[in-house]
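Colleague: Pasting a structure below so you can have a look.
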Amino acid sequence: MAQVELRNVTKRFGKVTAVKDLSFDVQEGELLSILGPSGCGKTTTLRLLAGLELPDEGEILFDNQVVSRPLKGISPEKRNVGMVFQNLALWPHMTVYKNVEFGLKGARHKGQGTWDKSDLRKKVHQMLKLLGIETYANSYPHQLSGGERQRVALARALALEPKILLLDEPLSNLDEHLSLRLRDEIVNLHQRLGITTIYVTHDQGDALSVTDRVMVMNEGEIEQVDTPYEIYNRPATKFVASFIGFSNILEGKAVGLNRVETKIGTIECDLSDKRDKVTLLIRPENLRISNDGEILGKVGQGTFKGDRWLYQMAVNGCSLTVQTTERLEEGAEVRLTISSRPAIIED
């Protein structure tokens with residue numbers, strides 16, 4: 001396990017700045033997810049950590065040792081980092097056994113030199129058993145399902161006993177059921193092995209459900225780094241609030257202690273000072289249909305989500321997203337109440 005730290009890291013590709021002034025740390029044994037839209041710099045960050053790219057500015061440290069700085073860095077094979085690429089990068093002409101064995105052949109065994117055949121065989125079978133793919137040892141990648149190939153890639157990365165594991169969109173090419181199952185397996189592996197892990201994903205469900213902390217990126221910069229709970233319930237910026245989950249963002253003005261005047265009425269929130277402008281976040285699940293609700297809404301288009309409905313409702317010129325288990329008639333008028341105090345977005 002290793003501690004990771006980035007200090008003011010910037011990476012450019014020609015005139016394009018891929019990431020800018022990245023400063024964050026990952027504690028030993030932590031599982032951090034990097035979440036953001038396509039092109040926000042997630043994969044570039046991972047490649048910088050792996051040593052596949054060098055920063056133009058700043059430095060990267062593993063256990064307080066500088067591994068990357070402008071024009072100079074420790075080579076990828078000397079960083080003790082395991083990486084699972086989005087395309088898996090398995091050798092198509094090699095069996096599962098040979099794919100896992102391949103990386104070990106050139107590696108040192110506990111600092112004593114290359115592996116002898118007996119130890120190498122034991123290590124490969126240990127990894128295949130750990131990932132539950134020992135019965136596929138003699139199969140080729142094209143004979144495996146997507147989930148099985150994903151396990152082979154994980155086995156190959158873990159076989160080197162890396163201090164840091166980097167996962168680049170590891171579940172993006174799998175169907176939903178398989179993705180959920182493998183997501184749980186990744187969490188279980190992390191808990192058992194305790195490897196410092198950085199998990200790049202565009203899937204909010206993955207980021208919020210499997211990681212200790214979430215780092216949200218946008219246009220090459222960090223918007224917020226926090227626990228999944230804080231990211232969802234107390235987003236630091238409008239971008240985080242709108243990117244994570246379904247959101248109702250309202251502008252208003254403080255009219256008293258913990259009271260904000262908005263287009264849909266006066267809302268109570270945890271605001272201790274008066275200011276000209278206040279931005280509030282109300283999640284759809286915090287708007288509840290109630291006969292005595294003070295907010296009058298007109299039901300618009302609904303979307304069925306299996307265990308719930310999401311409706312767009314018109315309220316005094318605003319459009320609110322409301323979650324309910326009831327099926328509502330489009331055009332009907334309903335009364336709403338806010339079930340918990342909205343979060344305040346400070347930016």
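The values are calculated or read from the model by the stated rules, or taken from the named source; none is laboratory data. What you see is a predicted model; the values in this text were computed from it and never measured. Cβ atoms come from the backbone with ideal geometry, glycine included; neighbour counts cover every protein chain shown. Note: areas computed on protein heavy atoms with side chains; ligands, DNA, RNA excluded. Shrake-Rupley method; radii C 1.70, N 1.55, O 1.52, S 1.80 Å.
Colleague: In segment 303-325, what count of residues is obtained for those that are surrounded by fewer than 17 Cβ atoms within 10 Å (Cβ to Cβ), within 14 Å of Leu287 (Cβ to Cβ) and among the β-branched types (Val, Ile, Thr)?
Modeller: Selection size over segment 303-325: 1.
Colleague: With respect to Gly300, determine if the residue is at pLDDT 95 or above and open to solvent by less than 60 Å² (accessible area, probe 1.4 Å).
Modeller: yes
Colleague: Counting just the residues of segment 36-59 that are small (Gly, Ala, Ser) and farther than 12 Å from Met83 by Cβ, which one comes out surrounded by the most Cβ atoms within 10 Å (Cβ to Cβ)?
Modeller: Gly36
Colleague: (1) in contact with a Gly (Cβ under 7 Å, 6 or more places away or on another chain); (2) open to solvent by 80 Å² or more (accessible area, probe 1.4 Å); (3) assigned to a loop (DSSP other than H, G, I, E, B): which one isn't true of Leu328, the others all being true?
Modeller: Status for Leu328: all satisfied but (2).
Colleague: OK, next. Sort out which residues of segment 259-274 are in contact (Cβ under 8 Å) with a residue 12 or more places away in the chain and surrounded by 10 or more Cβ atoms within 10 Å (Cβ to Cβ), and write them in order of number.
Modeller: Once the filter is applied, which keeps residues that are in contact (Cβ under 8 Å) with a residue 12 or more places away in the chain and surrounded by 10 or more Cβ atoms within 10 Å (Cβ to Cβ), segment 259-274 yields Arg259, Val260, Thr262, Lys263, Ile264, Gly265, Ile267, Glu268, Cys269, Leu271, Lys274.
Colleague: In the list Asp226, Asp175, Asp203, which residue meets the criterion of being open to solvent by 40 Å² or more (accessible area, probe 1.4 Å), of a type in the set (Asp, Glu) and at pLDDT 95 or above?
Modeller: Asp226
Colleague: Test of understanding: among Asn99, Asn80, which residue is at pLDDT below 95 and buried (at least 20 other Cβ atoms within 10 Å of the Cβ)?
Modeller: Asn99
Colleague: Scanning segment 281-290 for residues that are surrounded by fewer than 22 Cβ atoms within 10 Å (Cβ to Cβ) and not small (Gly, Ala, Ser), which turns out farthest from Leu328 (Cα to Cα)?
Modeller: This residue is Arg283.
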